[in-house]
Amino acid sequence: MSTPSAISPSPRGLAVVTGASVGIGRAASEALEKAGYAVIAASRRLTTAPSAATGITTHQLDVTDADSVAALQRTIANHPVPLTLLVNNAGIPTAAATIAHSDLADWRGTYNTNVIGAVQTTQALLPHLIRSHGSVQFIGSTVGRVPYERGAAYAASKYALTALVQTLRLELNGQPVRITEIAPGMMRGDDAGGEFMRTRFHHDPAAIAAVYKGVEHPLIPEDIADCVVWCATRPPHVDIDLMEVRPLAQAAQHKVHRTSVN
């Protein structure tokens, strides 16, 4: 089989990143391009996708829509560079609410995007990745192992994603494809709090600020992008099953060091 470098100037092959318009997806797209990948930055909103750069192209994608995923698959099939990496990053948060008072539409929407969307995209692109001896990464969360109050809908979707990753790894044992989950802890987005926190706290700046009050250096998207690249560029026989990443200030899900703040 020809190597990617034999047919293109992208020695590491083609990477597809979903949810690439903001946050981790955007940062990962840019980091992967710098690491030698051709990148398809796929997202519902192209207006905020990574700026045009050599090796990065944008693609409109709704992971919950079968026709949209099929269109991505056709693009991959016709691409001159073989697909070697899929980063399943697309996901949506939910507003903070107790189970007793949460909106079931939030549960359905979150599960449909965070879980079914990842399954649908993986199903479509997996044959390409097996042929190329590639990798599939899933961006999970530490809340996928330890939940918190008023976050059950989002936590349940990330618990399900963890089960998906672990099952997929079992089912593909013996196939030449690596399966990785990267689970970030406390982090900020592209701006103050990021889209996740704005959704969770109904765009309340005071509530968002309280989460980070006194916390020195929460994770930022570029930190997780660095992890994406590192996992993807290990030797082919090395599979990073799970990478949990927290800021130094966060010892555990509910234990965060805060400096004295007046």
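The values are calculated or read from the model by the stated rules, or taken from the named source; none is laboratory data. Computed from a predicted model, the values in this text were never measured in an experiment. No Cβ is skipped: glycine too gets one built from the backbone with ideal geometry, and neighbour counts run over all protein chains shown.
Taking the range 224-262 as the range and being surrounded by 17 or more Cβ atoms within 10 Å (Cβ to Cβ) and without any contact (Cβ under 8 Å) to a residue 60 or more places away in the chain as the test, only C227 passes. Here T98 clears all of (1) under 30 Å from E33 (Cβ atoms); (2) in contact with an Asp or Glu (Cβ under 9 Å, 6 or more places away or on another chain); (3) at pLDDT 95 or above; (4) not hydrophobic (A, V, I, L, M, F, W, C) except the condition numbered (1).
The requirement of being over 18 Å from the mean Cα position of the chain (by Cα), modelled with pLDDT of 95 or more and closer than 22 Å to R131 by Cβ is not satisfied by A15. Taking the range 139-223 and the helices (runs of 4 or more DSSP H) fully enclosed by it, the elements with 1 or more residues that are in contact (Cβ under 8 Å) with a residue 40 or more places away in the chain and in contact with a helix residue (DSSP H, G or I) (Cβ under 7 Å, 6 or more places away or on another chain) are at 152-171, 194-200.
Take the range 86-107 and flag every residue that is outside any loop (DSSP other than H, G, I, E, B), of a type outside the set (A, V, I, L, M, F, W, C) and over 28 Å from I40 (Cβ atoms).
H101, D106 - these are the residues of the range 86-107 that are outside any loop (DSSP other than H, G, I, E, B), of a type outside the set (A, V, I, L, M, F, W, C) and over 28 Å from I40 (Cβ atoms).
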